[in-house]
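Worksheet: one structure, shown below.
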Amino acid sequence: MIYLDNNATTAVAPEVREAMLPWLGEFYGNPSGGYRFGRQARKAIDESREKVAALIGAHPEEIIFTSCGTESNNAALRSSLSLRPERKAILTSTVEHSAVDEVARFFGETGYDARFVEVDAEGHLDLEAWENALADDEVAVASLIWANNETGVLSHVEAAAEIAAERDVYFHTDAVQAVGKVPLSVADLPVHALSVSAHKFHGPKGVGALYQDRHARFQPLMLGGGQEEKRRSGTENVAGIVGMGVAAELAAARLDARESAAALRDQFEEGVLETVEGSAVNGDRDRRLPNTTNLFFPGVDGEGLLILLDEAGICCSPGSACSTGAVKPSRILKAMGQISSRARSSVRFSLSHHTTAEEVAEAVSAIGTAVGKLQVVLPAGGGRVVGGSGGK
Ligand code: PLP
């Protein structure tokens, strides 16, 4: 198998798994227990808190462990709306992950003014429109994705956050795809909340974190036993949290290698662009995650391509499958002004430090072959394979 879907999830690092095992075995004490057996678990959680905080330049007490990135997004947005009930608007972009997009839409249907600022063809926010959308002082919370999960494009978060700060608006960023892949620090920015998810950087699934500025108020989503300093009730996922801490440490150590990660991605991308005539990259090629490329194959049905690549043992993503499995043209690519046919003919490939040059070469050749086969089925519209063994 050649796994090129690391934006969907990543392999759990062996060090992470090892660190988690004792907390799934002999050390099963409840971290709230008033005895040593419980206090051990509490200490392990607090050590992880420090590691996750270090990865994003936060203070440990600003880290709230959650069950996933989706929960972190929901908690941040709902908290800020409920703390400012006099403000009846929520501001975000048209290229958010559904864990922000759906929340904004939900509030839009229940009395709020949900404002979605558009992006350009490269995937970048219209900052003037962002500023205008904040001008009437109705916005309770502004939320902008840090790195897009489908294209890898890195938003101008700094500028958007500064504009929100000028209007005294609570600013949240969904940094689920960015954390661990590019250096970032909340210390440098007027960011009130930032979402993180462990399984995107070789940690376990089912654990995330919300950075919450210690000077800003917070209204918990989960009420109950008062864990996480009353900010997120529920007995902690100790093993998951320990795993997240180790994954954060490993990710921090790998950040220096992001240029070589980008070089491998570029090698893959160039290989595909040379092999498939007319293929092109979606989104800004300069300002994006080092591991991601979203490629357009003209005249090729993206779903068909995925099936053929799956048969060849390659995992990649349309970036557009909804939970029912039905494939719709990508909402993100459409928001970038692409017509439905281009959005339907695009596929996301996301690499990791496990990806090798041999895998990249094999994947390029398999893509060439698959596109060639699809042209036989779908001859119109270009997407011809040039040279190599493609098309046989
Ligand atoms: N935000 C972004 C940008 C994502 O890519 C994802 C996962 O795909 C999420 C949020 C949701 O994270 P989780 O799977 O931990 O709920």
Tally up the residues in the stretch 56-95 that are surrounded by fewer than 24 Cβ atoms within 10 Å (Cβ to Cβ), within 13 Å of the ligand (Cβ to nearest atom) and either assigned by TED's automatic domain parsing to the domain that holds Ser330 or not in a helix (DSSP H, G or I) (or both), please. 2
Residue list for the stretch 169-185, restricted to those being hydrophobic (A, V, I, L, M, F, W, C) and open to solvent by less than 10 Å² (accessible area, probe 1.4 Å): Val169, Phe171, Ala175, Ala178, Val179
What are the pairs, 6+ residues apart or on separate chains, where a residue within the stretch 203-221 that is free of Cβ contacts under 8 Å to residues at least 60 places away in the same chain has its Cβ under 8 Å from a residue that is open to solvent by 10 Å² or more (accessible area, probe 1.4 Å)? Ala216/Tyr170; Ala216/His192
Long-range neighbours under 8 Å by Cβ, at least six apart or interchain, first residue more than 19 Å from Leu223 (Cβ to Cβ) within the stretch 66-79, second more than 7 Å from the ligand (Cβ to nearest atom): Gly69/Val196
Candidates Leu21, Leu81 - the one that is closer than 30 Å to Arg115 by Cβ and among the hydrophobic types (A, V, I, L, M, F, W, C): Leu81
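For every residue, the table says whether it meets (1) assigned to a loop (DSSP other than H, G, I, E, B); (2) away from the ligand (no atom under 16 Å from the Cβ); (3) crowded, with 16+ Cβ neighbours inside 10 Å.
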| residue | (1), (2), (3) |
| --- | --- |
| Asn7 | yes, no, yes |
| Val12 | yes, no, yes |
| Glu15 | no, yes, no |
| Pro22 | no, yes, no |
| Ser32 | yes, yes, no |
| Arg39 | no, yes, no |
| Ile45 | no, yes, yes |
Please work out if Ser350 is at pLDDT 95 or above and buried (at least 22 other Cβ atoms within 10 Å of the Cβ). yes
The residue from Leu134, Leu144 that alone is open to solvent by less than 30 Å² (accessible area, probe 1.4 Å), at pLDDT 95 or above and more than 26 Å from Glu71 (Cβ to Cβ) is Leu134
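The values are calculated or read from the model by the stated rules, or taken from the named source; none is laboratory data. Here the structure is a predicted model, which is why all the values come from computation and not from measurement. Positions of Cβ are generated from backbone atoms using ideal geometry, with glycine treated the same way; all protein chains shown enter the neighbour counts. For accessibility, only protein heavy atoms count, side chains too; no ligands or nucleic acids. Shrake-Rupley method; radii C 1.70, N 1.55, O 1.52, S 1.80 Å.
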